[in-house]
């Protein structure tokens with residue numbers, strides 16, 4: 001029983017972490033290549049979720065919902081990059097924070113204007129709605145397992161893209177030396193738009209996938225965005241590998257903390273107080289993790305630059 | 001042995017496979033100007049970084065007035081009397097010339113934790129700053145915004161901040177950089193007098209200035225000191241001619 | 001020494017006059033709600049003046065200053081809650097009673113906020129740039145979730161205080177009297193800001209923002225300068241939090257929210273970074289827009305967002321910058 005619970009929670013943590021990775025990967029690439037801190041990344045997550053919910057609602061197809069999420073977030077990403085973001089690359093971080101904060105206001109209120117304040121719901125596809133039997137007699141929701149698999153496939157694809165393709169070489173070159181790749185004749189504007197759209201699509205995908213197990217509503221993106229920041233601080237800014245490891249660490253710490261900290265305190269406290277203390281501490285666990293990593297390595301596990 | 005103001009003992013620093021500093025031992029005696037010359041990429045900046053404390057050496061030590069300061073960060077070394085200037089001027093461009101000079105005096109006073117009275121109505125601070133400005137000929141520009149100074153004036157302010165620290169040794173990173181002939185000549189005259197106050201470790205590209213000022217010259221090539229001696233000895237040194245001057249004969 | 005009034009100085013005087021005249025007019029015209037709005041603006045301005053010490057002079061883009069606002073709010077909420085329920089805050093190892101006395105509440109709010117700023121600063125100031133922004137944002141979120149899970153003090157629902165706390169010699173229930181109290185504190189904070197900016201500490205902090213290497217080279221430690229600035233900054237924002245809670249007679253986790261941290265930065269930018277009155281102008285404009293635009297449209301944040309984008313992309317120096325030209329050198 002106990003092992004089963006632990007394995008279940010490990011899988012939950014992994015699922016959460018993999019979804020965080022989809023957010024964090026885009027953020028870290030955008031910072032690594034363009035030097036931009038993008039607070040509006042959470043809005044792209046939200047846009048993906050709303051596009052998926054709207055498309056799935058119209059067509060009844062979850063797959064079409066996912067396509068709509070990817071396309072919607074990527075298109076929104078391209079538009080935002082062309083209209084606003086590319087004017088921010090040369091500005092300081094304060095201006096970037098302000099402008100992308102303004103974008104959050106616009107996107108959130110715009111979405112509320114179009115869809116209203118009530119949450120939308122995105123149904124899990126029928127084929128994945130039941131549990132699957134895992135070795136050892138564990139029953140685990142098929143959809144959550146699918147999220148883990150999908151997330152890992154996307155992560156693998158991203159690593160292949162960066163390590164094996166022409167555009168990946170340009171991305172890595174862009175992280176090291178901006179003028180160099182301009183000198184090599186790479187169209188830097190197009191590269192930046194592509195990287196931003198790629199990050200947006202990943203965020204949109206995450207929003208749609210998670211939207212099926214949570215409600216789809218305005219403001220859903222920012223808590224995830226802040227967690228993705230924690231992931232990046234832990235993993236090191238600009239490192240996709242760091243983002244993956246940081247995301248899984250954060251996912252596991254959060255999930256396991258919520259389950260096991262109250263139980264831990266129940267060993268020597270009365271149940272109500274243990275629940276209370278455990279829940280309070282669990283809500284802080286990932287930030288404590290971040291603080292510990294900062295004390296140990298101020299630039300994160302895989303970060304080179306400050 | 002304590003008559004050495006500054007001493008490095010076999011400093012080593014590598015960046016990957018590149019040996020930027022290779023067993024560098026140099027000394028600075030009271031009243032002298034010791035010039036470090038070398039081609040670009042010879043490791044001069046890395047050496048200054050280690051002397052000032054910005055870069056930790058892989059091995060070796062730095063002594064200031066006989067005290068081992070190898071593990072001390074830059075502020076601690078500055079408080080012990082080491083004043084450096086920067087190759088690229090590091091000035092608070094939004095502030096006035098006087099405010100920049102006050103910063104040096106404030107560092108020397110060691111008391112930045114005063115929150116209420118204006119810095120500029122602190123007479124001790126202001127006098128020290130104005131004296132330093134006067135000596136480099138910038139006093140008339142005291143109220144000017146630093147961003148409005150000419151390049152040459154910025155180089156002078158750079159030296160004035162070091163002066164306002166009342167240091168026991170100067171480490172100057174290319175003070176002549178970007179100065180015209182006349183500017184270099186003025187700066188040369190100025191440094192010539194300054195050595196009486198505190199010795200100067202001078203990293204410089206301007207050979208006229210170096211030959212005019214230096215009591216001793218050390219030649220740094222690929223992180224190693226390949227020759228060290230008086231101006232005449234260096235002028236005649238065959239190894240220096242080959243490695244650095246490109247064998248001018 | 002002759003002191004000419006710059007255009008910025010004139011503008012500051014005008015803002016100050018407005019802060020005095022508008023509520024007096026509202027009193028005469030019997031518009032108590034306007035006084036409440038003005039109080040809201042003054043208290044938010046105080047929070048932003050606090051942030052401006054870190055952001056404007058120190059260049060520290062803290063996206064987590066709501067932490068201190070929230071701590072100040074909860075300091076008030078917890079003390080007043082225990083006072084109104086006649087219970088003690090803690091009994092072991094020593095007894096702490098609740099209180100409805102504003103000066104004591106303010107003292108607790110500033111000290112606890114300062115301590116939190118010290119701890120957060122100790123960690124986050126080890127980094128700089130984007131890391132600092134992300135870390136302060138993350139710590140803000142930590143406090144937000146902690147407040148939600150803290151059911152003893154209302155959890156997500158927050159705490160209501162039935163009667164506004166008291167200040168010796170004043171009737172704080174009269175809006176104009178409470179406003180006067182808040183305005184006096186704001187002016188004191190502005191005086192402190194102005195003194196700090198010119199002080200030796202301000203000189204060094206200002207230089208540490210522009211040329212940290214230089215500051216190190218003259219024997220000063222930018223980390224310590226920034227940490228002290230961050231602590232002072234957090235303490236002032238914490239005091240504002242206590243006043244804000246008293247204004248609403250209510251505290252809830254939303255005082256810790258990241259939106260509020262963002263809005264505090266917005267006030268400063270709208271008004272003008274490192275301008276003495278920048279946060280005041282920004283907060284006043286924000287409260288006015290919130291009231292007018294919010295009355296016109298439920299979606300007024302869209303207009304706020306658009307305005308903000310325009311200011312960032314095209315208008316340097318905020319509103320004060322547009323009227324008063326480039327920043328004068330402070331001497």
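How compact and how long is the stretch B:93-165, expressed as Rg and Dmax of its alpha-carbon atoms in Å?
11.4, 35
Residue by residue through C:204-213, how many Cβ atoms from other chains fall within 10 Å of the Cβ on average?
6
Tell me, what is the percent relative contact order of the stretch C:1-95, built from C-alpha pairs under 8 Å that lie six or more residues apart?
So the answer I get is 10 percent.
What nm value, rounded to one decimal, do you get for the distance between residue C:6 and residue B:190 when each label is placed 7 Å out toward the C-beta?
Modelled inter-label distance: 2.8 nm.
Along the Cα-to-Cβ line of residue C:194, 7 Å from the Cα, sits a label point; which residues in the stretch B:91-118 have backbone N less than 18 Å from it?
From the stretch B:91-118, the list is B:115-118.
Only helical DSSP H runs with n ≥ 4 go in: add -39500 (n - 2.57) per run for the protein assembly as shown, normalise by residue count and round the 222 nm mean residue ellipticity to 500 deg cm²/dmol.
It comes out at -20500 deg cm²/dmol, rounded to the nearest 500.
Please give the FRET efficiency for residue A:180 paired with residue B:205, using the beta carbon to beta carbon distance and R0 = 25 Å, rounded to the nearest 0.05.
For residue A:180 and residue B:205, the calculated efficiency is 0.45.
When you count, for each residue, the other Cβ atoms within 10 Å and take the mean per peptide, how do C:125-135, C:285-295, A:195-205, C:183-193 rank with the highest first?
Descending mean neighbour count gives A:195-205, C:125-135, C:183-193, C:285-295.
Calculate the translational D of the protein assembly as shown in whole µm² s⁻¹ from Stokes-Einstein, where the hydrodynamic radius comes from the Kirkwood formula applied to all Cα pairs, the temperature is 37 °C and the viscosity 0.692 mPa s.
109 µm²/s
How far is it, in nm, from the label point at residue C:170 to the one at residue A:83 when both lie 7 Å from their Cα along the line to the Cβ?
Roughly 4.6 nm, to one decimal.
What spacing in nm lies between the two simple spin-label points modelled at residue A:5 and residue B:79, each 7 Å away from Cα in the Cβ direction?
Rounded to a tenth, the inter-label distance reads 5.4 nm.
Listed highest first by mean packing, meaning other Cβ atoms within 10 Å per residue, what order do B:149-158, B:54-63 come in?
B:149-158, B:54-63
Among C:31, A:81, A:179, what is the fewest-to-most ranking by other Cβ atoms within 10 Å?
Least to most surrounded, the residues fall as A:179, C:31, A:81.
So what are the radius of gyration and Dmax for the Cα set of chain B, in Å?
18.3, 65
Most exposed first by the Cβ proxy, i.e. fewest other Cβ within 10 Å, how do B:195, A:172 rank?
So the ranking, lowest neighbour count to highest, is A:172, B:195.
When you count, for each residue, the other Cβ atoms within 10 Å and take the mean per peptide, how do A:273-283, C:19-29 rank with the highest first?
A:273-283, C:19-29
Quick one: if the Förster radius is 60 Å, what FRET efficiency do residue A:214 and residue B:232 give, using the C-beta to C-beta distance and rounding to 0.05?
Plugging the Cβ-Cβ distance into 1/(1 + (r/R0)^6) gives 0.15.
If you build the Cα gyration tensor of the stretch A:102-249 and take the root of 5 times each eigenvalue, what three semi-axes come out, in whole angstrom, biggest first?
32, 23, 14
Please compute, for peptide A:278-289, the average count of beta-carbon atoms on other protein chains lying within 10 Å of each residue's beta-carbon.
Other-chain Cβ atoms within 10 Å of each residue's Cβ, averaged: 4.
I need to check one value: relative contact order of chain A, counting alpha carbon pairs closer than 8 Å and at least 6 residues apart, in percent.
Computed value for chain A: 34 percent relative contact order.
Shielding by partners for C:70-76, please: the mean number of other protein chain Cβ atoms within 10 Å of each residue's Cβ.
Mean shielding by partner chains, rounded to a whole number: 0.
Could you state the number of Å between the C-alpha centres of the stretch B:109-175 and the stretch B:49-106?
The two parts, judged by their Cα centres, are 15 Å apart.
Measure nothing fancy, just the Cα-based angle from helix B:97-109's long axis to the longest principal axis of chain B, in degrees from 0 to 90, nearest 10.
Taking the Cα atoms of chain B, the angle to B:97-109 is about 80 degrees.
Report the full-extension gain for the segment residue A:160 to residue A:127: residue separation times 0.36 nm, less the Cα-Cα distance, to one decimal in nm.
8.9 nm
Relative to a virtual label point 7 Å from the Cα of residue C:13 in the Cα→beta-carbon direction, which members of the stretch C:265-303 show backbone nitrogen distances below 13 Å?
Taking a point 7 Å out along Cα→Cβ of residue C:13, no residue of the stretch C:265-303 has its backbone N under 13 Å.
If you average the sequence gap of Cα pairs under 8 Å that are 6 or more apart and divide by the length of chain C, what percent do you get for the contact order?
32 percent
Rounded to the nearest 0.05, what FRET efficiency is calculated for residue C:310 and residue B:65 with R0 set to 45 Å and r the Cβ-Cβ distance?
The calculated FRET efficiency here is 0.20.
With axes computed from alpha carbons, what is the tilt in degrees of helix B:151-164 against the longest principal axis of chain B, rounded to the nearest 10 within 0 to 90?
Between the helix axis and the principal axis of chain B, the angle is about 80 degrees.
Enter the angle in degrees (range 0 to 90, nearest 10) between the Cα long axis of helix A:2-34 and the first principal axis of the Cα atoms of chain A, meaning the one along which they spread out most.
Computed tilt is about 10 degrees.
Give the order of A:41, C:82 when sorted by the count of other beta carbons within 10 angstrom, beginning with the fewest.
C:82, A:41
Values in this text are rule-based calculations from the coordinates and carry no lab data. This structure is a prediction, so every number in the text was calculated from the model and none was measured. Counting neighbours? That spans all protein chains shown, and the Cβs are built from the backbone with ideal geometry, glycine included.
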